[in-house]
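Everything on this sheet refers to the single structure shown next.
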Amino acid sequence: MEDYLLEKKTVATLTQRVAISILGLYGWRVRYRPLPGPRGVIIVYPHTSNWDFVVGVFAKLAIGMPFHFIAKSSLFEGVTGATIGRLVRYLGGEPVERGVSTGAIARLAEKINRSDWYWMAITPEGTRSKKPYWRSGFYHIATTAKVPLGCVYFDFAKREISLVDYIALTGDRAQDMASIAAIYQGVQGCHPEQAGPIALRPEEENETNIQG
């Protein structure tokens, strides 16, 4: 069985090799299985520390794909937007839309489908603090756009970043969430006690906000 480990000798660019080397200095390694298509949604779990962003940026550079990711809108506003916001945009960040979530989900699904290549990463917990449910925006975007779901994890116990597992969502929430939970079984974030359960809010109380 392939382990999909990224190595300096097998990647194409200097940037990838440098990113792999820097991660390696701190004991981290990246596992990556090629994407199943040109468009999709990626979930990142667990999200329990600001270190997730740092590790994630280097993993993105190591993989060498121009992934987009959702970030807090405050990072793109005012003085922060003129400084940190520019860097975040350069790295692929896009501001999350707040407010009317249904319209935002439809627009994001349309944006994905009209692009030649577009993979969007979302942290379904929406916060580093423990929450009882995941936000379901990722699920609605993927099912509306009819694109595959990639499952990324940062396992701080093993010092491993993985993008190996992809799911074709069926629309059966219980079945799909069980498949997702199986992928993340045993994965430990930086602060394991802060990781929320892998569950969507019950249908009758459905919350479709994307993040944050």
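Read the figures in this text as sums done on the coordinates, not as results from a lab. Only a predicted model underlies this, so the values are computations on that prediction, with no experimental measurement involved. Note that we place each Cβ from the backbone using ideal geometry, even for glycine, and neighbour counts take in every protein chain shown.
Some notes on this structure:
- Gyration tensor verdict on the stretch 110-176 (Cα atoms; rounded if a/c is under 1.5, prolate if a/b is larger than b/c, oblate otherwise): prolate
- With a threshold of 19 Å on the Cα-Cα distance, the over-threshold entries among 9/60; 60/146; 8/60 are 60/146.
- Take the Cβ atoms of residue 54 and residue 13, set R0 to 30 Å, and the FRET efficiency comes out at 0.90.
- Modelled FRET efficiency - R0 45 Å, residue 22 with residue 182, Cβ distances, 0.05 increments: 0.90
- Modelled label reach - residue 146, point 7 Å along Cα→Cβ, the stretch 171-187 residues with backbone N closer than 14 Å: 171
- Prolate/oblate/rounded call for the stretch 11-58, Cα gyration tensor, a/c under 1.5 rounded: oblate
- Sorted on the mean count of surrounding Cβ atoms within 10 Å across their residues, most packed first, peptides 21-30, 162-171 read 162-171, 21-30.
- Loop sites in the stretch 104-161: trypsin sites (Lys or Arg not before Pro), DSSP, at most 14 other Cβ within 10 Å: 130, 146, 159
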